[in-house]
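The structure appears right after this line, and notes come after that.
Each reported figure results from applying straightforward, stated rules to the coordinates on display, with no laboratory input. This structure is a prediction, so every number in the text was calculated from the model and none was measured. So basically every Cβ, Gly included, is an ideal-geometry build from the backbone, and we count neighbours across all protein chains shown.
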Amino acid sequence: MAEITLDLRTRPKDEAYRELARHVDSVLDGITDAMAAMATISALVHHAFGYLWTGFYRVVEPGKLLRVGPYQGTLGCLEIPFGNGVCGTAAAERRTMIVADVNLFPGHITCDARARSEIVVPVMDSRDVLIAVLDVDGEHPGTFGPGDAEGLERIVKWFARSADAS
Ligand code: SME
């Protein structure tokens, strides 16, 4: 098992995410616990790219409410109703949202005033039920693009492959 934290900041994004996905699978080999996977993925994604905030909001009331899960960064807000902010919108619409400038997103929820851009990726279990969203915030406008969406969507597929992750 390769329990090290990779720093992939100097690598092209597609290559970096491919390597990160392999690393996540290797570190989580033999694990079926969703919470352990969320904690591990938060740490690995966060430190691989030096993001500002990286973590999960879990579905605690389907269709209604997200509550913070494992994360890396400064204090995150505790609960987000479906439809609110970027996380709540991604959860309600079950789609990845990329926000290049959070100041231009009506209803953006500010947890860390330094956050300028973000990406939120829905997380499904093996039955295609939404169990969480992965929220990553960057310090600069336009931090995230389609390569990040593809890379992070690939990483959270771990939860769809894990029968117990719900
Ligand atoms: N950015 C989120 C709120 C959560 S924090 O950034 C940690 C949003 O507007 O959904």
Sites matching GluC sites (Glu not before Pro) across the stretch 50-148 that sit in DSSP coil, with at most 14 neighbouring C-beta atoms within 10 Å = GLU139
Would you list LEU65, LEU8 from fewest to most Cβ contacts within 10 Å?
-> LEU65, LEU8
The set of residues whose placed amide H lies less than 5 Å from the amide H of LEU65, leaving out same-chain residues fewer than 5 positions away, is VAL60, PHE82
Select from ALA113, ALA37, ALA100 the residue whose mean-square fluctuation is largest in a Gaussian network model of the chain (Cα-Cα springs shorter than 10 Å).
-> ALA113
Relative contact order for the chain, counting Cα pairs under 8 Å that sit 6 or more residues apart, in percent = 22
GNM of the chain, Cα pairs under 10 angstrom: of ILE109, ILE41, ILE31, the biggest fluctuation goes to ILE31
For the chain, calculated [θ]222 nm from helices alone, where every DSSP H run of n ≥ 4 adds -39500 (n - 2.57) | -11000 deg cm²/dmol
Among THR5, GLY55, ALA37, the residue whose Cα sits farthest towards the positive end of the charge dipole of the stretch 1-81 (+1 at Cβ of Lys and Arg, -1 at Cβ of Asp and Glu, taken about the Cα centre) is GLY55
In whole Hz, what ³J(HN,Hα) sequence does the stretch 25-39 give by Karplus (6.51, -1.76, 1.60; θ = phi - 60°), x for Gly and Pro?
-> 4, 6, 5, 8, 4, x, 9, 10, 7, 4, 5, 5, 5, 4, 5
For the chain, build the convex hull from the C-alpha positions and give me its volume per residue in Å³.
-> 96
